[in-house]
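First the structure, in the form of structure tokens, and then the observations on it.
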């Protein structure tokens with residue numbers, strides 16, 4: 001599961017991702033209102049956003065609950081479709097390196113493949129396969145910065161079953177082959193490593 005960094009939370013807010021409902025809340029300083037990540041209200045300015053781990057913390061800071069998404073009722077109004085989406089997302093984010101994870105999803109969730117696909121796409125706009133592809137390509141971007149790891153190793157470490165599948169997924173998401181991306185990263189990386197980190 002993704003660590004809830006400010007970047008991850010902001011991305012969830014930008015995409016109205018229901019998989020993060022209950023994991024955090026965000027308040028808008030200019031309005032004094034707080035929302036769930038999936039709220040369809042107008043996207044706030046990033047500089048005006050504060051993140052909270054619970055709705056009680058947002059309330060304690062003086063923020064009022066949004067009347068549209070009602071984050072104050074998060075634990076009262078249970079939405080089974082949102083819960084299903086969150087469970088699928090958690091599985092994909094933690095088991096992305098297993099080639100069989102897509103075929104096993106209906107077993108883990110307890111519904112048919114067709115119903116799972118339909119529900120997940122309705123909530124997120126993506127099929128589980130496409131979301132898994134995005135996760136794997138994002139992980140590939142991290143690994144491609146390591147010049148010691150070749151494309152074949154990256155391919156199978158991320159759960160792709162063939163190099164052609166890896167290349168097709170990467171090109172679909174990034175618009176260029178992984179080898180080109182690696183060369184771009186290498187060119188952008190300073191050659192002078194003599195300066196030690198001050199961390």
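The values are calculated or read from the model by the stated rules, or taken from the named source; none is laboratory data. Note that the coordinates shown come from a computational prediction; the quantities given were computed from them, not determined experimentally. Neighbour counts are summed over all protein chains in view; Cβ atoms, including those assigned to glycine, are modelled from backbone coordinates with ideal geometry.
Points to keep in mind about this one:
- Taking segment 51-71 as the range and being assigned to a strand (DSSP E or B) and within 24 Å of residue 90 (Cα to Cα) as the test, the residues that pass are 51, 52.
- Members of segment 55-74 found to be farther than 11 Å from residue 33 by Cα and at pLDDT 90 or above, listed by number: 57
- Any hit, segment 61-72, residues being over 20 Å from the mean Cα position of the chain (by Cα), loosely packed, with under 12 Cβ neighbours inside 10 Å and not assigned by TED's automatic domain parsing to the domain that holds residue 159: yes
- Qualifying residue in segment 41-48 (condition: under 30 Å from residue 127 (Cα atoms), modelled with pLDDT under 90 and touching a strand residue (DSSP E or B) at 6+ places or on another chain (Cβ under 7 Å)): yes
- Residues of segment 9-33 classified as crowded, with 17+ Cβ neighbours inside 10 Å, more than 20 Å from residue 122 (Cβ to Cβ) and under 10 Å from the mean Cα position of the chain (by Cα), total: 1
- Segment 34-43, residues that are buried (at least 20 other Cβ atoms within 10 Å of the Cβ) and either free of Cβ contacts under 8 Å to residues at least 24 places away in the same chain or outside any strand (DSSP E or B) (or both): 36, 37, 38, 39
- Selection of segment 118-133 for residues being buried (at least 17 other Cβ atoms within 10 Å of the Cβ) and over 20 Å from residue 21 (Cβ atoms) yields 132, 133.
- Of all the residues in segment 140-188, those that are assigned to a loop (DSSP other than H, G, I, E, B) and in contact (Cβ under 8 Å) with a residue 12 or more places away in the chain number 7.
- Yes/no for residue 168 being modelled with pLDDT of 95 or more, under 26 Å from residue 11 (Cβ atoms) and out of contact with any helix residue (DSSP H, G or I) (no Cβ under 6 Å at 6 or more places or on another chain): yes
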